[in-house]
Amino acid sequence: MSEREQLRGLLASTCKNIETFGNAQSFLEKIGSIQQACLIAPASLPDMNARELISRLKREGKYIPVIVLGEDCEMPRVVSLMRAGAADFIERPISKHRLKAAVQRVLK
Amino acid sequence: MIEQSVFVVDDDEAVCDSIKELVESVGLHAQTFTSAQSFLDAYPVDAAGCLILDVRMFPISGPVLQQRLKEMGASLPIVFITGHGKIDIAVEAMKAGAVDFIRKPYHEQALLDVVNKALEQDAKNRDNVQRKKLLADRVASLTSREREVMELLTRGLTNKVIGVRLGISVRTVEVHRMRVLEKCGVKSVTQLAGLFAEAPEDTPVR
């Protein structure tokens, strides 16, 4: 099972609308039509890393909170991601409780 | 300009001393505390500066002190330093608004850079608060009629239209207009509108 499917399952009871994208570009193409939302993205995507995606959203004036997923991360990198504007950072393996709390917090 | 202090809270006295020495070497003022409680006892809520804060301390840890300060309405920017690099603690501290989270042993120049950034942020926060207060004071000094006139003025309406809207003569609008500009300390409606446009919004919560 892909992580996308796994996340869908974990969040099924928390969120009504869940959309998944295989890369940053396909998300960015869709984002114009997205209203109140949050984005869950791995620290590195096939086409750009989470940091670049966050800067890009900021530059384009899209205020979507981004929850970043990562593993074996070094603290300076994680802190720098948070400084860059990530709304949250969750270490893999992802705990359902932690993920739900993070989504609920940023969507509030 | 109010003098800013670099407050240091770390239960390791040697760390306190070396940070004090470091920040004083670049001409900044430092105050050190070896417990969160002694800092709370001495700290005036509106003190200017920033706080370098250790994570693991007993009985009040760095993150708990951060929470307390937030509850007290203190806006002092916080830089965490820690000997134990737990990711989730760093993430929580950043979510709660810390400026940075640095691991010990810290690089001296890197710490000074972050301290400077935190002091800049503090100055900006203070400036925003002051401007908001000044504006609020000015608006509070207006009568309710003057406030109505002001709102319509800043929406770009002419004296004539305002007079019709409020059911008063153009001459009376002119008098109110003059008082509004006088009380707000501006020379024109453009400047008046600028005053409100400049009023900084609260920083959005991440």
(request) Please work out which residue is modelled with the lowest pLDDT, limiting yourself to region B:50-62 and to residues that are more than 14 Å from chain A (Cβ to nearest Cβ) and more than 10 Å from residue B:36 (Cβ to Cβ). (result) B:56
(request) Would you please list the contacts, defined by Cβ atoms under 6 Å and residues six or more apart or on different chains, that run from a residue in region B:70-95 that is within 13 Å of chain A (Cβ to nearest Cβ) to a residue that is surrounded by fewer than 17 Cβ atoms within 10 Å (Cβ to Cβ) and among the aromatic types (Phe, Trp, Tyr)? (result) none
(request) Give region B:63-81 a look and list any residue that's within 13 Å of the chain's Cα centre (by Cα) and among the basic types (Lys, Arg), or say none. (result) B:70
(request) Specify the residue that is nearest to the other protein chains (Cβ to nearest Cβ); the eligible residues are those in region A:90-108 that are surrounded by 14 or more Cβ atoms within 10 Å (Cβ to Cβ) and not in a helix (DSSP H, G or I). (result) A:91
(message) Restricting to region B:135-154, give me the number of residues that are loosely packed, with under 14 Cβ neighbours inside 10 Å and hydrophobic (A, V, I, L, M, F, W, C).
(response) 2
(request) Output the residue which, of all residues in region B:159-206 that are among the hydroxyl-bearing types (Ser, Thr, Tyr) and assigned to a helix (DSSP H, G or I), is modelled with the highest pLDDT. (result) B:172
(message) Among the listed residues B:119, B:157, identify the single one that is touching a residue at least 40 places away in the same chain (Cβ under 8 Å) and either more than 14 Å from every other protein chain (Cβ to nearest Cβ) or surrounded by fewer than 16 Cβ atoms within 10 Å (Cβ to Cβ) (or both).
(response) B:119
(request) Output the number of the condition that residue B:46 fails; it satisfies all remaining conditions of (1) surrounded by 14 or more Cβ atoms within 10 Å (Cβ to Cβ); (2) part of a loop (DSSP other than H, G, I, E, B). (result) (1)
(request) Take the residues in region A:38-89 that are within 12 Å of chain B (Cβ to nearest Cβ) and among the basic types (Lys, Arg), then tell me which one is farthest from residue B:80 (Cα to Cα). (result) A:58
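Within region A:11-34, can one find any residue that is within 27 Å of residue B:97 (Cβ to Cβ) and in a strand (DSSP E or B)?
Looking for residues that are within 27 Å of residue B:97 (Cβ to Cβ) and in a strand (DSSP E or B), one finds none in region A:11-34, hence no.
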(message) Could you tell me how many of the residues in region A:42-89 are at pLDDT below 95, small (Gly, Ala, Ser) and buried (at least 21 other Cβ atoms within 10 Å of the Cβ)?
(response) 1
(request) Scan B:52, B:89, B:102 and give me the residue that is out of contact with any Leu (no Cβ under 9 Å at 6 or more places or on another chain), buried (at least 17 other Cβ atoms within 10 Å of the Cβ) and not polar (S, T, N, Q). (result) B:89
(request) Note down all Cβ pairs under 8 Å where the first residue falls in region B:125-141 and is hydroxyl-bearing (Ser, Thr, Tyr), the second is part of a helix (DSSP H, G or I), and they're at least six residues apart or on different chains. (result) B:141/B:183
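The values are calculated or read from the model by the stated rules, or taken from the named source; none is laboratory data. Computed from a predicted structure; not experimentally measured. Glycine also receives a Cβ, built like all others from the backbone with ideal geometry; neighbour counts cover every protein chain displayed.
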